[in-house]
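Step one of this worksheet: look at the structure below.
The values are calculated or read from the model by the stated rules, or taken from the named source; none is laboratory data. Just so we're clear, the structure is a prediction, and the values are computed from it rather than from any experiment. Don't worry about glycine lacking a Cβ; one is built from the backbone with ideal geometry, like all the others, and counts go over all protein chains shown.
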Amino acid sequence: MTIVSYGRDADIGVITIDNPPVNAIGPALARELAAALDAFQADGDAVALVVECAGSTFVAGGDIAAFGSPDFTAGPFNATLQRLSDMDRPAVAALFGTVLGGGLELAMACHGRVAAPGTRFGMPEVTLGLIPGSLGTQNLPRLAGLKTAARMISDGKPIGAEAALEAGIIDALADDPGQGARTLARKLAGSPPRRTQDLPVPDRDQAGDVLAGLKAAADAAPWLATPRAIHDTMLAAVTMPYDAGVELEQARFAKLVASPQSRAMRHLFFAEREARKIPGLGRETASRDVSRVGVIGAGTMGAGIATAFLNAGFAVTVTDATQAGLDRGLSIIQGNLASAVKRGRMTEAQAAKTLDRLTLGLDLSAVGDCDMVIEAVFEDMALKLDIAAQLGAICRPGAIIATNTSTLDVDRIAAATARPGDVIGTHFFSPAHIMRLLEVVRGAETAPDTLQTVMGLARKIGKTAVVSGVCYGFIGNRMAEVYMRESEALQMEGASPSQIDGVVQSTEYLGMAMGPNRMLDMAGVDVGARTVVEWIAGGEGPTDPGYRAMCRALYERGDHGQKTGEGYYRYENRQPVPSEKTAALAEEMAAKHGVTRRDAIPDQEILERLLFPMVNEAAMILDEGIAYRPSDIDVVWTAGYGFPAWRGGPLFMADEIGLDRIVARMDHYAARDGDPHGYWTVSPLLRQLAEARASLTDWRRE
Ligand code: 3H9
């Protein structure tokens, strides 16, 4: 199939790229583009060239899937871009949709650019652990200035068409960019084409500040390879001849594309898109219309969920059992909107309009006309069952009923409504209007159109949704539970909370945003402990009397973390400092539960004891069908738990470490410490993959 063709429209030669879905550049496109350029150069009757695309967008970048293949290098594509730029007849790009990465680089190699209003322009390579690799680091500063180029290449965020026009990235806007490009091409015909590479960097006088900022960013994150490469190529743009700058860019791009960091981030790019694909659901699955959303419970979580829906344009009704609760919820929502205004995300007027879509009610019946109702009361089964029964009767037929929970049995709650097909679980992360992850819990009887609707809504409110089956803690908290179990066991054995958090946060070992102890102190020790206590009391939790003994003891003595000034740490001016009381508690708990203390615990052991059981739990989650695929688990941890994207998620990291090594270390701890509670029992799936030297990331259910 031809993906790049050459034809003529009167006196204008036209290259058309047609490579659905997003016209990404892979080896075949690079080859055919070169051939199309040959055809134009052989066509002496064309006065100028227009480069345009079929489909829904101009080229949205290099083909990310091809980056891993040995036959892909940017070289041939770059040689074609250089040839395009060096031509003696002008080329103009006709732009629309998302002009990203290699797409913008193709446009910049042309001599003119015309875009439809609404077109987005960006250099998102950094989100893939890369820098632009097709002349972009040298051309963008020449077109848009060093400051704008450095910002776009560093943050990866696209800008709009008006901003691109103002920055000098494009020459004109046109409702029909194809026609606009032809008009500009005719105008430029006859005079020597203006190559982007010949332009001076317009703000080179102020390069010092920009470069200092880039250097500071690189120094602040020395474990990341991209900030340093961005600094060096931007420096090259203002200090080196163009060709030398391009050579440097090429060398850096080639190194980055082969790096584990970029492979990890590319894995996540596809993982997030894969997570939207639900077995048994397709384009033909119906979706229900949702325009009014009800939220039950005006606490921090309820108010955050309401804010997320209000921000996305939905009408929202919030109910709470008390006026004081409603007042508090309203003030949280107002605060969320005010902070969006302060950050420049919306204007005062938009915030006021957003708030106009909010209705408050003291009675559950206020949500009777909503298309979807999300119950977001405390994690208390009896309360949730009671509300579910009422909602089953109050909600209009066809309305979806969601229960927001981080651990509870969604099937029991669904049964209480007497309409389980309409019921689904949602696990929002706090603050719900900001955190990216949403776990969507598919109950045994959740109807396909209920699930399809909620997945669609998740995208509308800007969430990365991952489907989980029903089990204690779903995907994320079930794995977090074993991680916290080991963190507390290590404390009883003699590791301090700060040693553990230090290992978890250190980029040498893991690089999570926050260690488990600081996280629990921030979220509230009481919240975590109550869940564990209820789990155990419900008869399905662990029977080990020493299970998470630290958390339960801190809870009982009223040390609930940051909010009470003491938890795993003591807080001085909100800063964590080691707590002698908690250190003594660890010794007391060790004595009570017969745990042998050690003088020193190696950092490497801490990493292994926190990470490897989590990987093991993930293998069980996969084996049980709770998660559809390994990459979903990596999305949960990177989008919701602060696992570093450059590690690709816990399962990608496990493959990098080697499953055989993980299994050997699990066996080692089982042999060294005994395994009365089965914590170190390797899951059959993990052992089988390790023995077969297979990858966990590539595993698929038969
Ligand atoms: C680069 O350009 C390096 C250069 O400097 C040098 C080398 C030339 N490659 O997101 P969607 C697929 S680095 C391969 O659901 P949307 C995607 O997997 C690249 N595939 O749609 C999905 O497939 P499926 C710089 C890609 O409308 C389908 O297209 N560019 C690529 O929400 C639809 O995607 C980027 O980083 C790709 N580049 O958003 C842009 N892009 O249906 C990355 C998309 O099988 N892409 N696919 O699941 C995006 O940001 C969004 O996809 C886009 C569309 C905004 C384009």
Original post:
If you go through segment 285-296 one residue at a time, how many are surrounded by 14 or more Cβ atoms within 10 Å (Cβ to Cβ) and touching a strand residue (DSSP E or B) at 6+ places or on another chain (Cβ under 7 Å)?
Top reply: 7
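For every residue, the table says whether it meets (1) more than 28 Å from the chain's Cα centre (by Cα); (2) assigned to a helix (DSSP H, G or I).
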| site | (1), (2) |
| --- | --- |
| 308 | no, yes |
| 317 | yes, no |
| 327 | yes, yes |
| 345 | no, no |
| 352 | yes, yes |
| 359 | yes, no |
| 369 | yes, no |
| 379 | no, no |
| 384 | yes, yes |
**OP:** Test each condition in (1) over 22 Å from the mean Cα position of the chain (by Cα); (2) surrounded by 14 or more Cβ atoms within 10 Å (Cβ to Cβ); (3) over 30 Å from residue 196 (Cα atoms) for residue 282 and report the one that comes out false.
**Re:** (2)
Original post:
Is there any pair with a first residue in segment 273-300 that is assigned to a loop (DSSP other than H, G, I, E, B) and a second that is within 15 Å of the ligand (Cβ to nearest atom) and among the basic types (Lys, Arg) whose Cβ atoms are under 8 Å apart and which are 6 or more apart or on different chains, and what are they?
Top reply: 276/459
Original post:
Does segment 503-525 contain at least one residue that is among the small types (Gly, Ala, Ser) and farther than 27 Å from residue 636 by Cβ?
Top reply: no
**OP:** Consider residue 77 carefully, then state whether it is within 11 Å of the ligand (Cβ to nearest atom) and either assigned to a helix (DSSP H, G or I) or within 14 Å of residue 134 (Cβ to Cβ) (or both).
**Re:** yes
Original post:
Quick one: is residue 162 assigned by TED's automatic domain parsing to the domain that holds residue 93 and either crowded, with 18+ Cβ neighbours inside 10 Å or within 15 Å of the ligand (Cβ to nearest atom) (or both)?
Top reply: no
Subject >> Residue count for segment 6-23, restricted to those that are touching a residue at least 60 places away in the same chain (Cβ under 8 Å) and within 16 Å of the ligand (Cβ to nearest atom) >> reply: 2
Subject >> Breaking point among (1) surrounded by 18 or more Cβ atoms within 10 Å (Cβ to Cβ); (2) hydroxyl-bearing (Ser, Thr, Tyr); (3) closer than 16 Å to residue 517 by Cα, for residue 638 >> reply: (3)
Original post:
Of these, 35, 28, which one is assigned to a helix (DSSP H, G or I) and under 26 Å from residue 130 (Cβ atoms)?
Top reply: 28
**OP:** Please state which one of 46, 36, 74 is in contact with a Phe, Trp or Tyr (Cβ under 7 Å, 6 or more places away or on another chain) and at pLDDT below 95.
**Re:** 74
Subject >> Check on residue 303, surrounded by fewer than 23 Cβ atoms within 10 Å (Cβ to Cβ) and in the same structural domain as residue 461 (by TED's automatic domain parsing) >> reply: no
Original post:
Residues in segment 125-149 that are within 13 Å of the ligand (Cβ to nearest atom), in contact with an Asp or Glu (Cβ under 6 Å, 6 or more places away or on another chain) and assigned to a loop (DSSP other than H, G, I, E, B): how many?
Top reply: 4
**OP:** Could you tell me whether residue 276 is loosely packed, with under 15 Cβ neighbours inside 10 Å, more than 25 Å from residue 73 (Cα to Cα) and not assigned by TED's automatic domain parsing to the domain that holds residue 142?
**Re:** no
**OP:** Go through segment 29-70 and count every residue that is among the acidic types (Asp, Glu), under 33 Å from the mean Cα position of the chain (by Cα) and more than 14 Å from the ligand (Cβ to nearest atom).
**Re:** 1
